[in-house]
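The values are calculated or read from the model by the stated rules, or taken from the named source; none is laboratory data. From a predicted model like this one, the values you see are computed outputs, not experimental measurements. Cβ placement follows ideal geometry from the backbone for every residue including glycine, while neighbour counts extend to all protein chains displayed. Please note that ligands, DNA and RNA were not included when accessible areas were found on the heavy atoms of the full protein model with its side chains. Shrake-Rupley method; radii C 1.70, N 1.55, O 1.52, S 1.80 Å.
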Amino acid sequence: MMTLFSILSPMEWALAFGVLFIAGLIKGMVGFAMPMISISGLSMVLPPDWALAGLIIPTLVTNGMQSFGQGARAAITSVRRFRVFLGVGLVFLLIGSQLVTRVDPDTFLLLIAVPVALFAMVQLLGWQFTLSAPSMRIEAATGAVAGFVGGMAGVWGPPTVAYLTALNTPKTDQMRVQGVIYGLGAIALVAAHVTSGILRSETLVFSLALVAPGVMGMWAGGLLQDRIDQAMFRRITLIVLLVAALNLLRRALMG
């Protein structure tokens, strides 16, 4: 009979729990970065397929919490508003997930990391890049990039956050919209990686076990998020976005 400690050692479990708590903490504050932090931390001691599988169920659960934090009606409104992003992103996520074992994702990570890092840096330096109104073309392009890289690497936050930040989305709305977008993406990711073989019996047990520390971290982050205003929220979001982009760049260049 399979037990939790027959999958990983106690030290590996302790590290995995710590990584998911920190990932949840950051997500609770700014609404994203759980996959980026999770896969970066877990990959230090685990094979890539285990690291990717480990983040899938905690990401699904916490995004569900984030999506419905203001009620089902608000979540449905967000789905309608970003239907182009979601539709295009879903198609490209399914495509990317089936290529995860066949194509080296480093090139795609590099292509997304550089522009996102530049966007975050110039915003933090005070050079504002904003969209006066939503653009269907930009939304579709962002959804395609986010979905494809998300399917291959489990990380789709940076392009999404860059788009929402450029629209000057209010803090509360941005948290909900991110939860809806990432939540639907997480559902697709579960289905896609059951098919790809990444999510199988032993990795599913591992992923389920990481839900608790992820949820606890998100709860703690939510308490901190309630205490910051819109300007501080935007700045913290840009800082996390820059760190995420630089981490993707590191992964692309160093593996």
What do you reckon, is residue 75 surrounded by 24 or more Cβ atoms within 10 Å (Cβ to Cβ), touching a helix residue (DSSP H, G or I) at 6+ places or on another chain (Cβ under 8 Å) and modelled with pLDDT of 80 or more?
no
Please indicate, with yes or no, whether at least one residue in segment 26-49 is surrounded by fewer than 24 Cβ atoms within 10 Å (Cβ to Cβ), over 18 Å from the mean Cα position of the chain (by Cα) and within 24 Å of residue 224 (Cβ to Cβ).
no
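Taking the conditions exactly as written (touching a helix residue (DSSP H, G or I) at 6+ places or on another chain (Cβ under 8 Å) and more than 27 Å from residue 195 (Cβ to Cβ)), does residue 15 satisfy them or not? Walk me through it before giving the result.
On the way: touching a helix residue (DSSP H, G or I) at 6+ places or on another chain (Cβ under 8 Å): yes; more than 27 Å from residue 195 (Cβ to Cβ): yes.
The answer is yes for residue 15.
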For residue 143, all conditions in the list (1) open to solvent by 60 Å² or more (accessible area, probe 1.4 Å); (2) modelled with pLDDT of 85 or more hold save one; what is the number of the exception?
(1)
When you scan segment 51-66, do you find a residue that is at pLDDT 80 or above, more than 22 Å from residue 214 (Cβ to Cβ), open to solvent by 50 Å² or more (accessible area, probe 1.4 Å) and not hydroxyl-bearing (Ser, Thr, Tyr), even just one?
no
